Structure formats: structure tokens, C-alpha cells
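**Q** Quick one: the structure is below, and I'll ask about it shortly.
Read the figures in this text as sums done on the coordinates, not as results from a lab. The structure presented is a predicted model; accordingly, all values stated were derived computationally and were not measured. Here Cβ is always computed from backbone atoms with ideal geometry, including for glycine, and neighbour counts include all displayed protein chains.
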Amino acid sequence: MKELVEVIAKALVDHPEEVVVTEKKDGADYLIELHVASSDMGKVIGKQGRIAKSLRSVVKAAASRENARADVEITD
């Protein structure tokens with residue numbers, strides 16, 4: 001799932017070299033942390049959080065295929 005978030009985030013931002021994705025797994029739970037440049041936060045979050053919500057939905061769907069739960073945190 002780390003790779004999935006990384007590919008999507010790099011396609012959205014102006015500075016893909018600053019995208020860092022870390023994945024923490026605790027049993028069947030995943031916590032994916034997405035770090036982007038401060039200037040790219042708006043592009044990753046989107047208007048009214050629509051892009052961030054879509055990203056979280058895609059990750060949750062991928063996790064459900066593995067019978068797991070996932071959450072995405074976006075930071076700068």
C-alpha cells in the first residue's frame with residue numbers, strides 16, 4: 001500500500017522528489033504517513049478535502065482486499 005500512495009501522491013504534486021511515504025503495520029492495521037512539501041499540501045488535500053478523501057478511500061479498498069484496515073495521515 002505504501003507504493004500505491006507514493007505513486008498517486010507523486011502524480012499530484014509539483015515537487016515529487018519531496019514525497020516521503022512511511023508505512024507502519026500493527027497486526028492487520030496499517031498507518032500510512034504521507035509527507036509532502038508545504039507548497040504541495042493544497043494539491044494533495046484538494047478543495048474541501050476531496051482528493052485526500054479519495055486517496056483514503058482507495059487505500060481502504062486496497063486494505064480490505066487483504067482483510068486489513070488502513071488510514072492515511074498527510075503532513076508537511
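**Q** Once the mean 1/r over all distinct Cα pairs of the stretch 2-75 is inverted, what Kirkwood radius in angstroms do you read off? The partial results should precede the final answer.
**A** On the way: mean 1/r = 0.0810 Å⁻¹.
The Cα-based Kirkwood calculation yields 12.3 Å.
**Q** Using amide H atoms built 1.01 Å from N in the peptide plane, name the residues 5+ places from residue 13, or on other chains, whose amide H lies under 5 Å from its own.
**A** none
**Q** Once R0 is set to 30 Å, what does the formula 1/(1 + (r/R0)^6) return for the Cβ-Cβ distance between residue 15 and residue 69, expressed as a FRET efficiency to the nearest 0.05?
**A** On the way: r = 30 Å, r/R0 = 1.01.
Rounded to the nearest 0.05, the efficiency is 0.50.
**Q** Taking a label point 7 Å from the Cα of residue 4 along the Cα→Cβ vector, which residues of the stretch 45-63 have an amide N closer than 17 Å to it?
**A** 51-63, by backbone N distance to the label point.
**Q** With point charges of +1 on the Cβ of Lys and Arg and -1 on the Cβ of Asp and Glu, referenced to the Cα centre of the chain, which listed residue (58, 32, 20) lies farthest in the positive direction of the dipole?
**A** Positive-end residue among those listed: 58.
**Q** PRE reach from residue 48 (point 7 Å along Cα→Cβ): which of the stretch 56-76 fall under 20 Å by backbone N?
**A** Once the point is set 7 Å along Cα→Cβ of residue 48, 56-58 turn out to lie under 20 Å by backbone N, inside the stretch 56-76.
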